[in-house]
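Asker: Quick one: the structure is below, questions incoming.
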């Protein structure tokens, strides 16, 4: 099982070896895609976590026991389909190809599983169709 999730830390949890425990105690492999950690305020981290489903679920329970909220990445990243004009500009800055052009329909497709939450698409979208809701 491999998933991209957002972890939201309260101020009192940032000093704990959370990622270390996910690896050591739950045999999970991780890749930190983005992090905004601050000692004086709530923080967030976007991670890709991979491992056996049972270990993954135990790891999520561990995070919950520390009062760390988790959610799938697609809850905080979206595209307003009504605003998108499928100009393709976002595809030129999307290195992981989460946004790509379907050559048959000439529509921009968005694959959440490839997104690394870099926000480059948000910056270049001329009609502001891309949104990221990280706190």
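The values are calculated or read from the model by the stated rules, or taken from the named source; none is laboratory data. Computed from a predicted structure; not experimentally measured. As a convention, Cβ positions derive from the backbone with ideal geometry for all residues, glycine included, and neighbour counts pool all protein chains shown.
Asker: Quick test of your reading of the structure: residue 39 fulfils all but one of (1) out of contact with any helix residue (DSSP H, G or I) (no Cβ under 9 Å at 6 or more places or on another chain); (2) outside any helix (DSSP H, G or I); (3) loosely packed, with under 13 Cβ neighbours inside 10 Å. Name the failing condition by number.
Answerer: Tallying (1) out of contact with any helix residue (DSSP H, G or I) (no Cβ under 9 Å at 6 or more places or on another chain); (2) outside any helix (DSSP H, G or I); (3) loosely packed, with under 13 Cβ neighbours inside 10 Å, residue 39 fails exactly one: (1).
Asker: Let me ask something additional. So, in segment 102-121, of the ones that are surrounded by fewer than 17 Cβ atoms within 10 Å (Cβ to Cβ) and more than 18 Å from residue 47 (Cα to Cα), which residue ends up nearest to the chain's Cα centre (by Cα)?
Answerer: The qualifying residue nearest to the chain's Cα centre (by Cα) is 109.
Asker: Keeping to segment 49-82, report how many residues are surrounded by 13 or more Cβ atoms within 10 Å (Cβ to Cβ), free of Cβ contacts under 8 Å to residues at least 60 places away in the same chain and closer than 27 Å to residue 128 by Cβ.
Answerer: So the answer is 4.
Asker: Next up: When you look at residue 32, is it in a strand (DSSP E or B), in contact with a helix residue (DSSP H, G or I) (Cβ under 8 Å, 6 or more places away or on another chain) and loosely packed, with under 15 Cβ neighbours inside 10 Å, yes or no?
Answerer: yes
Asker: Separate question: For segment 93-108, enumerate the residues that are touching a strand residue (DSSP E or B) at 6+ places or on another chain (Cβ under 9 Å) and over 23 Å from residue 31 (Cβ atoms).
Answerer: 101, 102, 107, 108
Asker: I would also like to ask the following. Just wondering, is there one or more residues in segment 13-20 that are touching a residue at least 40 places away in the same chain (Cβ under 8 Å) and surrounded by 15 or more Cβ atoms within 10 Å (Cβ to Cβ)?
Answerer: Among the residues of segment 13-20, at least one is touching a residue at least 40 places away in the same chain (Cβ under 8 Å) and surrounded by 15 or more Cβ atoms within 10 Å (Cβ to Cβ), which makes the answer yes.
Asker: Follow-up. Select from segment 77-129 the residues that are under 16 Å from residue 34 (Cβ atoms), in contact with a helix residue (DSSP H, G or I) (Cβ under 7 Å, 6 or more places away or on another chain), modelled with pLDDT of 90 or more and not in a loop (DSSP other than H, G, I, E, B) and list them in ascending order.
Answerer: Correct list: 121 only.
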